[in-house]
Amino acid sequence: MAMAKFYLLSFIAPASLCVPSVLFAAQATNQKTEFDEVVVTASRIAQPMAQVGVSVDVLTREDLIQRNNTALADVLRTVPGINVSNSGGLGKATSIYIRGEDAFRTRLYIDGIAVSDTTSTQIAPRFDALLNQQLGRVEILKGPQALIYGADSGGVISVFTPEAKAAMEGDIAMEGGSFQTQNLSANLRGKSQSLDYFISSGLVQTEGFNARPDDTSNDNDGFRAANLHVKTRAHLNEQHSLGLVGRFNRSANEYDYCSDINYARVDSCDDKSISSAGRLDWHYAGNTLEQEFSLAHYTNQHDRYLNSQDVKNQSVSGGSDEAQYFAHYQFNTQVRSSLGLSAKHENYQEHKVAGNGAKADEARESYAVFSEWLINPIEAFSYSLGARWDSSPEYGAHESYRLAAAYVIPTAGPELKWRAATSTGFRLPSFYELYLNNSSPEAQKNFKEETSQGIETGLDARWQQLSLSATVFSNKIQNEIFYDSLNYSGYVQTEGESSSEGVELGGQWQMSSHLHLRMGYTHLETQQNSSDLAGSDAQRERLQRPENSYSLGAHLEFFAAAWQTDINYRSAFNQHAYGGSLMEDYSVVDIQTAWQFNSSDRIYMRVNNVLDEEYQEVKGYNSAQLNACVGIHWSF
């Protein structure tokens with residue numbers, strides 16, 4: 001029955017061409033739109049932004065260099081609809097909340113590889129050491145995205161490494177500063193008729209600062225990380241190519257507030273992590289048909305130590321393997337269709353260590369098929385319709401869908417684009433949630449998947465020097481799983497509904513050749529339906545989500561753009577902490593100034609938190625006060 005519904009919804013789309021074709025026949029002209037021609041991967045194919053009905057934010061290589069933060073998470077703070085919380089500085093636990101949804105609902109892809117840590121409390125990506133200097137482009141999809149990306153996706157961040165423009169080119173970036181921080185990265189890339197390649201390595205280390213104000217030892221909590229990333233594509237002929245991506249990361253993070261085997265607090269702890277990822281694909285590109293078959297692998301291991309006793313108190317590992325087939329067929333200039341197949345295996349192990357008898361060995365398989373129709377009846381109007389069917393032996397079948405539309409409104413003034421979308425998603429219980437409850441006789445056992453639904457509509461306006469964007473959105477989660485923080489009974493599942501609703505505003509204004517302004521604002525209203533099993537109130541505000549957040553930026557250029565300065569302001573208001581208390585509002589200002597020798601070579605100085613604000617993004621964890629660094633970026 002599930003498969004019948006899937007194919008019925010998926011393949012009735014061509015028939016729906018008749019209605020919009022008639023309604024818009026009077027407007028079907030050859031008029032061209034000047035709207036952004038930036039291509040995105042909202043549907044895993046290249047599309048003009050004018051034809052995309054879902055919310056997409058794009059950060060180019062120039063954006064990343066201009067804002068020049070060490071970690072990607074710091075750049076994401078400036079994107080409307082995104083909230084970032086950090087627990088004590090570079091390398092510490094970093095959560096990315098998209099439109100108020102939990103950070104573990106965010107999916108992260110690096111050059112097509114899903115890098116979600118299956119050993120996390122909830123399966124989630126790690127943004128701790130994703131360095132800006134190694135990135136070329138970032139695309140952000142907001143709202144449930146299960147149609148293309150499967151379970152857990154309340155938002156998707158796709159990261160792409162730089163593409164070469166010549167036979168050989170590269171760059172080296174070095175910086176050092178406060179907290180004895182050092183950051184070094186080197187990239188080499190090139191392209192020819194038969195081979196494209198990219199090789200990158202990065203090293204970052206910092207002594208850090210005391211992450212917790214209640215740590216009486218007042219020790220610094222440092223971080224070290226090194227990574228290697230390789231991407232290559234061999235062009236066998238004009239239609240066939242083979243791609244290979246490999247990534248290796250190793251890190252060590254010092255942190256406070258962990259427990260020994262007797263549950264006594266220890267404030268000198270170390271988490272050593274090793275992860276590796278790989279992806280192999282065959283790609284075919286014909287005149288009307290594109291096909292891709294890929295195999296992806298991701299694995300990670302975490303060893304946690306009590307440094308004061310030099311004892312390993314926990315060792316966990318896990319990973320995922322996925323095989324995918326994707327095909328895209330263009331029937332004509334108005335109708336295109338995609339088909340995707342997926343088989344995935346995930347696993348989680350907790351290993352026995354000295355003084356700890358706990359052990360887990362969990363795994364699961366899942367399978368999926370999806371189809372999407374992309375329909376462009378006239379040049380100004382586009383819409384898409386798609387459905388997905390997922391199945392796992394433990395939780396049965398689940399269906400997802402997405403409907404989206406975009407219309408470029410003809411006006412004599414600015415270019416206007418209206419867009420709207422509705423979509424659904426789901427999340428299976430994480431391995432840790434199941435493992436923890438299975439070890440407790442009184443804890444809930446009969447979990448089912450969470451489900452989600454998102455709806456949005458927005459308007460984008462573009463003048464010659466000014467662009468504005470406004471989006472209204474609503475996301476709802478049913479059967480949410482959360483930890484019983486009142487009775488400590490483990491994880492419980494509510495039968496009610498939690499929600500995140502709000503407004504996103506964004507804009508950019510090129511006031512002159514010397515001054516470029518950016519702005520972002522998010523208003524968020526949330527409710528979490530707490531289960532009676534937890535003994536808590538029926539409704540409460542969701543935690544770690546500011547009700548109002550702002551970001552403002554100014555980019556100034558002088559001396560024929562040789563001297564460039566960026567000033568960035570961000571703030572968060574009315575945010576509830578874990579425990580329910582209201583956190584203090586905060587505002588932070590960062591400044592960077594750089595001297596550009598040419599379009600790519602420069603020296604710079606960055607001063608963070610110039611107002612020396614004392615604030616916390618997560619209750620009980622310090623944020624860095626006034627700090628600075630100097631660096632150089634050299635290309636060849």
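The values are calculated or read from the model by the stated rules, or taken from the named source; none is laboratory data. Just so it is clear, the structure is predicted and the values come from calculations on it, not from any experiment. Glycine also receives a Cβ, built like all others from the backbone with ideal geometry; neighbour counts cover every protein chain displayed. Areas reflect the complete protein model, heavy atoms only, side chains present, ligands, DNA and RNA absent. Shrake-Rupley method; radii C 1.70, N 1.55, O 1.52, S 1.80 Å.
The one condition from (1) farther than 29 Å from Gln349 by Cβ; (2) without any contact (Cβ under 8 Å) to a residue 60 or more places away in the chain; (3) open to solvent by 10 Å² or more (accessible area, probe 1.4 Å); (4) under 24 Å from the mean Cα position of the chain (by Cα) that Ala124 does not meet is (1). The set of residues in the stretch 192-205 that are within 21 Å of His229 (Cβ to Cβ) and in contact with a strand residue (DSSP E or B) (Cβ under 8 Å, 6 or more places away or on another chain) comprises Leu195, Asp196, Tyr197, Phe198, Ile199, Ser200, Ser201, Gly202, Leu203, Val204, Gln205. Go through the stretch 578-636 residue by residue and tally those that are free of Cβ contacts under 8 Å to residues at least 12 places away in the same chain and surrounded by 15 or more Cβ atoms within 10 Å (Cβ to Cβ). Number of matching residues: 0. When residues in the stretch 60-90 are screened for being open to solvent by 30 Å² or more (accessible area, probe 1.4 Å), β-branched (Val, Ile, Thr) and within 17 Å of the chain's Cα centre (by Cα), 2 of them pass.
Looking at the stretch 460-516, the strands (runs of 3 or more DSSP E) lying wholly inside it that each contain 1 or more residues that are closer than 22 Å to Ile82 by Cα sit at 466-478, 481-483, 497-510.
Annotation note: Cβ proximity below 6 Å between a residue of the stretch 541-568 that is in contact (Cβ under 8 Å) with a residue 40 or more places away in the chain and within 19 Å of Gln592 (Cβ to Cβ) and a residue that is among the acidic types (Asp, Glu) and part of a strand (DSSP E or B) (sequence gap 6+ or interchain) occurs for His555/Asp566; Gln564/Glu557; Asn568/Asp590.
Only one entry of Ala93, Ala103 meets the criterion of being buried (at least 22 other Cβ atoms within 10 Å of the Cβ), under 22 Å from Asp585 (Cα atoms) and modelled with pLDDT under 90, and that entry is Ala103.
For the stretch 260-293, taking the residues that are touching a Phe, Trp or Tyr at 6+ places or on another chain (Cβ under 7 Å) and not in a strand (DSSP E or B), the one that is nearest to Arg44 (Cα to Cα) is identified as Thr288.
For (1) open to solvent by 30 Å² or more (accessible area, probe 1.4 Å); (2) modelled with pLDDT of 95 or more, each residue gets a yes or a no:
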residue: Val159; (1), (2): no, no
residue: Glu163; (1), (2): yes, no
residue: Ala166; (1), (2): yes, no
residue: Ala173; (1), (2): no, no
residue: Phe179; (1), (2): yes, yes
residue: Gly190; (1), (2): no, yes
residue: Ala211; (1), (2): no, no
residue: Ser217; (1), (2): yes, no
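Restricting the stretch 471-488 to residues that are open to solvent by less than 10 Å² (accessible area, probe 1.4 Å) and at pLDDT 80 or above, the residue that is farthest from Val56 (Cα to Cα) is Ile481. Screening the stretch 324-411 for strands (runs of 3 or more DSSP E) wholly inside it with 2 or more residues that are touching a His at 6+ places or on another chain (Cβ under 7 Å) and in contact (Cβ under 8 Å) with a residue 40 or more places away in the chain returns the ranges 335-351.
Among the residues of the stretch 434-445, is there at least one that is assigned to a strand (DSSP E or B) and either touching a Pro at 6+ places or on another chain (Cβ under 9 Å) or not small (Gly, Ala, Ser) (or both)?
The initial filter retains those residues of the stretch 434-445 that are assigned to a strand (DSSP E or B), namely none.
No.
Six or more apart or on different chains, Cβ under 8 Å: which pairs go from a residue in the stretch 278-295 that's at positive phi and modelled with pLDDT of 95 or more to one that's small (Gly, Ala, Ser) and part of a strand (DSSP E or B)? Could you list them? Every condition considered, no pair remains.
Just to be sure before I move on: is Arg570 at pLDDT below 95 and within 24 Å of Arg518 (Cα to Cα) in the structure I sent?
Numbers: at pLDDT below 95: no; within 24 Å of Arg518 (Cα to Cα): yes.
No: the conditions fail for Arg570.
Restricting to the stretch 397-418, and then to whatever is modelled with pLDDT under 90 and over 14 Å from Glu379 (Cα atoms), can you tell me which residue is most open to solvent (accessible area, probe 1.4 Å)? Step by step, filter the stretch 397-418, then rank; the result is Ala412. Open to solvent by less than 40 Å² (accessible area, probe 1.4 Å), among the acidic types (Asp, Glu) and farther than 20 Å from Gly454 by Cα: does that describe Glu372? Taking the combined requirement at face value, the residue does not satisfy it. Only one of the listed residues (Ala380, Ala363, Ala354) is under 29 Å from Gln51 (Cα atoms), modelled with pLDDT under 95 and more than 23 Å from the chain's Cα centre (by Cα). That residue is Ala380. The residues in the stretch 459-471 that are out of contact with any Gly (no Cβ under 7 Å at 6 or more places or on another chain) and without any contact (Cβ under 8 Å) to a residue 40 or more places away in the chain can be counted, and the count is 1. So, of the residues in the stretch 133-145 that are under 14 Å from the mean Cα position of the chain (by Cα) and at pLDDT below 90, which turns out to be surrounded by the most Cβ atoms within 10 Å (Cβ to Cβ)? Per the stated criteria, the residue is Pro144.
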